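The values are calculated or read from the model by the stated rules, or taken from the named source; none is laboratory data. On a predicted model such as this, the values are computed, not experimentally measured, just so you know. Neighbour counts are summed over all protein chains in view; Cβ atoms, including those assigned to glycine, are modelled from backbone coordinates with ideal geometry.
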Amino acid sequence: MEDIPITEAQILGLFLESVFWGMYLITFVYCLRTLLFGLNFEIKRPSEINWPMVVITLLMCVLATLDTAVGLLHLIQAFVLYTGPGGPTEEFSNISDWINVVKGFDIILQTIMGDGMLIFRCWVVYGKSWLVIAASMLLYVGSTVTGIMILRIEGTLHLHVLITGASAIKPLITSFWILTIVQNILTTTLLFSRIWKVDQQNSQFSYSGSTGGKKKRTRLRQLNQVILESGLLYTTMAFLSFITFITNSNSTYGVSDVHVIMVGINFNLIIIRADRRATEEQTMLKHSRTLHLQALPGPGSDNSTDPKSGTMMSGVSEGMDFAAFSKMTSTGTV
């Protein structure tokens, strides 16, 4: 099958990146609202804000916007400003051009930040155990070092060749994507298995005949759904970038452009969905406490209410599921 020309690949890549960038902006606004504002849209106190998450969110937005902007500039330079021999194809083939280097930097840094946050969440879920994430960290360090080497060679190669034909860095780029994919599969699996085991353990302590146990398992499964969907989305984009690159397809330019945006979308959605679930749990918990207080017998009443009823235990336990996960994303507590 004949490959698409580099000129068409660049135009298509910018179009797709622009579409996904618009989607990204929506998730970015919602993510900032989650990080900076409370339930009633009141601004959180500085101590309640998870500032590292805010910084990472803003940095991802800068990288996504920068990649889209320099992509547009590249098209203008190639089709309008460049008047030398070879036309737009020659302009796109300058691998060490600063625009190509910047776009490579965007892809690598965005990927490294996305991988780092995935490992961080796994580390928190496992009680900050370094042993559990040792393999993931090893893969992460390997991909980071490989990414730095790619940028260093790309910036000094000074050849008129497409990225898929640059033999000096092709093994490094291939290794980068392999390390990223394997690390994502491993870390996502660790996260999923941990939450699944907790769900199974909780089901053993649920009151028989009560709905509390079933609700708790449902909440944890919803949390696992968030983890799996985000992991699948991220890994799929990395895999597509890998496949299009090793097959020497010019479509790798468009796929990698979309990958930069999808990393940010994926990061934002985890925070938004985890916070939404935590908010639902907190509302249910507050409501259950209100009902429990209303059910308490008044002075002189002959009726008695067991404070350890299944309903009360259900409300408290459910309130811990997504709230705990949300703390490492939207609040200042880990």
**OP:** Could you check, for the range 152-171, whether at least one of its residues is modelled with pLDDT of 95 or more and either within 22 Å of Met117 (Cα to Cα) or within 20 Å of the chain's Cα centre (by Cα) (or both)?
**Re:** no
Filtering the range 241-275 down to residues that are surrounded by fewer than 19 Cβ atoms within 10 Å (Cβ to Cβ) and either without any contact (Cβ under 8 Å) to a residue 12 or more places away in the chain or outside any helix (DSSP H, G or I) (or both) yields Ile243, Thr247, Asn248, Ser249
Original post:
Would you say Ile4 is over 30 Å from Leu186 (Cα atoms) and touching a residue at least 60 places away in the same chain (Cβ under 8 Å)?
Top reply: yes
Restricted to the range 2-52 and to residues being surrounded by 15 or more Cβ atoms within 10 Å (Cβ to Cβ) and among the aromatic types (Phe, Trp, Tyr), the residue farthest from Gly71 (Cα to Cα) is Tyr30
Exercise. Does Gly13 satisfy the condition of being under 17 Å from Ser251 (Cα atoms), in a helix (DSSP H, G or I) and modelled with pLDDT of 95 or more?
Worked result: yes
| query | Do we find a residue being free of Cβ contacts under 8 Å to residues at least 40 places away in the same chain and of a type in the set (S, T, N, Q) anywhere in the range 64-76? | reply | no
Picked from the range 114-132 (must be of a type outside the set (D, E, K, R) and touching a Leu at 6+ places or on another chain (Cβ under 7 Å)), the residue modelled with the lowest pLDDT is Val125
Going through (1) of a type outside the set (A, V, I, L, M, F, W, C); (2) closer than 21 Å to Asn266 by Cα; (3) free of Cβ contacts under 8 Å to residues at least 40 places away in the same chain one by one, Gly127 fails only at (2)
Output for Cβ contacts, cut-off 8 Å, separation at least six or different chains, first residue on the phi > 0 side of the Ramachandran plot in the range 87-109, second basic (Lys, Arg), reads none
Next on the checklist: Based on this model, can you work out whether Tyr234 counts as under 22 Å from Trp196 (Cβ atoms), touching a helix residue (DSSP H, G or I) at 6+ places or on another chain (Cβ under 8 Å) and of a type in the set (Ser, Thr, Tyr)?
Outcome noted: yes
Looking across the range 133-150 at residues that are surrounded by fewer than 18 Cβ atoms within 10 Å (Cβ to Cβ) and either hydrophobic (A, V, I, L, M, F, W, C) or at pLDDT below 95 (or both), the single one that is farthest from Leu190 (Cα to Cα) is Met149
Gly155 passes all but one of the listed conditions (1) surrounded by 20 or more Cβ atoms within 10 Å (Cβ to Cβ); (2) small (Gly, Ala, Ser); (3) closer than 21 Å to Ser96 by Cβ; the exception is number (1)
